[in-house]
Amino acid sequence: MGRAMKFTHLDTKDVETAESYFFDRFLGARIDSGNESNEGYDLILELGRDDDWHDQNWSAVKENDLKYDEDVNQYITLTLADLANPRTLPLINKYLVSLESDIGQEAVSFDDRAKKYLAYKINADFLLLNLGLLNSDTNLLGNAYFDKGETYYYSAAASLKAIKGGRSGLSDVMEKLSGRFGKYVEILRAMKNRDENYFSFHVRIPDAELKRFEHELAVEASKRQNPPSP
């Protein structure tokens with residue numbers, strides 16, 4: 001992720017980053033919906049254990065690790081902040097498919113593991129945020145598309161582990177989102193019910209970037225008005 005995007009509250013004139021804004025509201029929604037962080041996580045299981053014990057009880061250790069979700073809080077917060085940043089949209093649009101489509105049908109043909117990972121991750125993130133926060137009918141959708149979201153995050157985790165040669169902190173986050181997809185959709189729905197219009201940011205575009213955009217727009221308009229002869 002690039003430099004943090006800052007904005008000014010119109011009422012208080014306070015300056016805040018998008019990350020801190022979404023983090024506070026996501027945690028507030030967790031508490032309101034009765035989904036506090038790290039539910040069921042046993043810190044004692046991690047203390048005073050030698051390597052042999054961990055090797056013999058790796059399954060219980062991993063199951064316990066997956067109940068720790070402070071990292072998921074951070075991931076969702078950064079994903080929301082990225083969505084508010086127009087610089088991230090070209091990459092999202094490159095891989096995003098509609099709700100009714102299946103990115104797996106396209107990803108299976110990708111030879112590049114990194115592209116496969118990005119395709120699954122971007123569409124999993126889209127489903128999570130769309131079903132929880134962005135869709136105008138979020139509270140009427142129920143658990144529709146939950147299985148697709150779970151599958152996408154699981155496939156993203158598997159693709160990332162293939163790239164890294166094993167587990168990583170990020171692949172664990174993907175597994176947690178896959179295993180409790182519905183829970184995080186519920187938290188985002190609670191977040192939506194607390195406030196509205198999360199993405200009404202008025203962004204000041206730098207002059208150089210605005211001129212470049214205007215030039216590209218003029219070129220594209222010229223092409224459409226004067227299409228090449230067949």
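Among the residues of the stretch 67-78, is any outside any helix (DSSP H, G or I) and surrounded by fewer than 18 Cβ atoms within 10 Å (Cβ to Cβ)?
Checking the stretch 67-78: at least one residue is outside any helix (DSSP H, G or I) and surrounded by fewer than 18 Cβ atoms within 10 Å (Cβ to Cβ).
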Item to check | In the stretch 97-154, residue modelled with the lowest pLDDT [restricted to those that are surrounded by fewer than 18 Cβ atoms within 10 Å (Cβ to Cβ) and of a type in the set (A, V, I, L, M)] | outcome: 140
Checklist entry - Taking the stretch 113-153, which residues are in a helix (DSSP H, G or I) and acidic (Asp, Glu)? => result 125, 147, 150
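Would the stretch 6-25 turn up any residue that is over 23 Å from residue 185 (Cα atoms), modelled with pLDDT of 85 or more and within 21 Å of the chain's Cα centre (by Cα)?
Going through the stretch 6-25, the residues over 23 Å from residue 185 (Cα atoms) turn out to be 6-17.
After this cut, where a residue has to be modelled with pLDDT of 85 or more as well, the list is 17.
If we keep only those that are within 21 Å of the chain's Cα centre (by Cα) as well, we get 17.
Yes, because at least one residue in the stretch 6-25 is over 23 Å from residue 185 (Cα atoms), modelled with pLDDT of 85 or more and within 21 Å of the chain's Cα centre (by Cα).
Could you grab me the full set of residues in the stretch 112-150 that are farther than 27 Å from residue 25 by Cα and of a type outside the set (A, V, I, L, M, F, W, C)?
Just the residues of the stretch 112-150 that are farther than 27 Å from residue 25 by Cα, to begin with: 112-117, 119.
Across the stretch 112-150, the qualifying residues are 112, 113, 115, 116, 117.
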Checklist outcome for this item: So, first residue farther than 14 Å from residue 170 by Cβ and in contact (Cβ under 8 Å) with a residue 60 or more places away in the chain in the stretch 54-75, second residue part of a helix (DSSP H, G or I) and among the aliphatic types (A, V, I, L, M), Cβ within less than 7 Å, six or more apart or across chains; the pairs are none
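So is residue 39 assigned to a helix (DSSP H, G or I), surrounded by 13 or more Cβ atoms within 10 Å (Cβ to Cβ) and touching a residue at least 24 places away in the same chain (Cβ under 8 Å) or not?
Working: assigned to a helix (DSSP H, G or I): no; surrounded by 13 or more Cβ atoms within 10 Å (Cβ to Cβ): yes; touching a residue at least 24 places away in the same chain (Cβ under 8 Å): yes.
Judged against the criteria, residue 39 is not a match.
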Checklist entry - So, of the residues in the stretch 52-111 that are closer than 25 Å to residue 27 by Cβ and of a type in the set (Ser, Thr, Tyr), which turns out to be nearest to the chain's Cα centre (by Cα)? => result 79
Checklist entry - Picking from 171, 136, 159, 155, which residue would you name as being out of contact with any Asp or Glu (no Cβ under 9 Å at 6 or more places or on another chain), free of Cβ contacts under 8 Å to residues at least 12 places away in the same chain and hydroxyl-bearing (Ser, Thr, Tyr)? => result 136
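Here's the yes/no breakdown for (1) among the hydrophobic types (A, V, I, L, M, F, W, C); (2) modelled with pLDDT of 90 or more:
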site: 31; (1), (2): yes, yes
site: 43; (1), (2): yes, no
site: 53; (1), (2): yes, no
site: 59; (1), (2): no, no
site: 62; (1), (2): no, no
site: 65; (1), (2): no, no
Checklist entry - In the stretch 88-106, what residues are assigned to a helix (DSSP H, G or I), closer than 22 Å to residue 135 by Cα and either touching a residue at least 40 places away in the same chain (Cβ under 8 Å) or not aromatic (Phe, Trp, Tyr) (or both)? => result 88, 89, 90, 91, 92, 93, 94, 103
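Out of curiosity, is residue 198 modelled with pLDDT under 70, surrounded by 12 or more Cβ atoms within 10 Å (Cβ to Cβ) and aromatic (Phe, Trp, Tyr)? Lay out the reasoning, then the answer.
On the way: modelled with pLDDT under 70: yes; surrounded by 12 or more Cβ atoms within 10 Å (Cβ to Cβ): yes; aromatic (Phe, Trp, Tyr): yes.
For residue 198, the condition - modelled with pLDDT under 70, surrounded by 12 or more Cβ atoms within 10 Å (Cβ to Cβ) and aromatic (Phe, Trp, Tyr) - is met.
The values are calculated or read from the model by the stated rules, or taken from the named source; none is laboratory data. Here the structure is a predicted model, which is why all the values come from computation and not from measurement. Here Cβ is always computed from backbone atoms with ideal geometry, including for glycine, and neighbour counts include all displayed protein chains.
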